[in-house]
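The values are calculated or read from the model by the stated rules, or taken from the named source; none is laboratory data. Since the model is a prediction, treat every value here as computed from it, not as a measurement. Methodologically, a virtual Cβ is constructed for each residue, glycine included, from the backbone with ideal geometry; neighbour enumeration extends over all protein chains shown. For the accessible areas, the whole protein counts, side chains as well, though only heavy atoms, and no ligand, DNA or RNA atoms are used. Shrake-Rupley method; radii C 1.70, N 1.55, O 1.52, S 1.80 Å.
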Amino acid sequence: MDRALRQARLAAERGEVPIGAVIVGPDGAVLTEAGNRTEADHDPTAHAEMLAIRAAASRLGTSRLVGCDIHVTLEPCPMCAQAISFARLRRVYYGASDPKGGGIEHGPRIFSQPTCHHRPEVYPGIGEREAGELLRTFFRKRR
């Protein structure tokens, strides 16, 4: 999670919402790291999770990241949660919960839907305090 938090800090420095994601392979090696790039890329889908999934899939040469885990600083939104399911990621570790925009424990609870084909293990609250503080500081400065 430390690497995901670093990516979140870097995103904040670029003026992006401070969210970072890291994907780790089955052997424990880091495959990819990413921070939000929605503003820089002019792309509403350039969330840290989406960028990390795309990079890991490209690196491994497959659309299914079986046995891989994702570490992300904020509860994934519904779009990212669905991508995590489609990518067949094994585990999701996330920091802060997102009652307003989350898609795992809040909102549509993607992995709980009967139409969800793959349900990863979910571990919330990892690095929650630091991840939450990054977000609060970022938005406090914007207001």
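Assorted remarks:
- Hey, Gly107 free of Cβ contacts under 8 Å to residues at least 40 places away in the same chain, under 17 Å from Ile19 (Cα atoms) and part of a loop (DSSP other than H, G, I, E, B) or not: no
- Of all residues in the range 1-30 being closer than 18 Å to Val92 by Cα and more than 14 Å from the chain's Cα centre (by Cα), the one that is surrounded by the most Cβ atoms within 10 Å (Cβ to Cβ): Gly25
Okay, residues lined up against (1) without any contact (Cβ under 8 Å) to a residue 12 or more places away in the chain; (2) under 24 Å from Glu16 (Cα atoms); (3) among the basic types (Lys, Arg):
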{"position": "Arg37", "(1), (2), (3)": "no, yes, yes"}
{"position": "Ala48", "(1), (2), (3)": "no, yes, no"}
{"position": "Ala52", "(1), (2), (3)": "no, yes, no"}
{"position": "Ala56", "(1), (2), (3)": "no, yes, no"}
{"position": "Leu65", "(1), (2), (3)": "no, no, no"}
{"position": "Gln82", "(1), (2), (3)": "no, yes, no"}
{"position": "Gly101", "(1), (2), (3)": "no, yes, no"}
{"position": "Arg136", "(1), (2), (3)": "yes, yes, yes"}
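- In the range 50-65 there is no residue matching the filter, namely being at pLDDT below 95 and either out of contact with any His (no Cβ under 8 Å at 6 or more places or on another chain) or surrounded by 18 or more Cβ atoms within 10 Å (Cβ to Cβ) (or both).
- Look at the range 17-32: where a residue is closer than 17 Å to Ala83 by Cβ and a partner is open to solvent by 20 Å² or more (accessible area, probe 1.4 Å) and of a type in the set (Gly, Ala, Ser), sitting 6+ places away or on another chain with Cβ atoms under 8 Å, you get Ile23/Ala55; Leu31/Ala55; Thr32/Ala55.
Conditions (1) of a type in the set (Phe, Trp, Tyr); (2) more than 11 Å from the chain's Cα centre (by Cα); (3) surrounded by 15 or more Cβ atoms within 10 Å (Cβ to Cβ), marked per residue:
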site: Val72; (1), (2), (3): no, no, yes
site: Pro76; (1), (2), (3): no, no, yes
site: Arg91; (1), (2), (3): no, yes, yes
site: Arg109; (1), (2), (3): no, yes, no
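- Applying the condition of being under 16 Å from Ala81 (Cα atoms) and either open to solvent by less than 30 Å² (accessible area, probe 1.4 Å) or β-branched (Val, Ile, Thr) (or both) to the range 36-49 and asking which residue is nearest to the chain's Cα centre (by Cα) yields Glu49.
- Set Gly67, Gly95: member being more than 20 Å from Leu134 (Cα to Cα), touching a Pro at 6+ places or on another chain (Cβ under 9 Å) and small (Gly, Ala, Ser): Gly67
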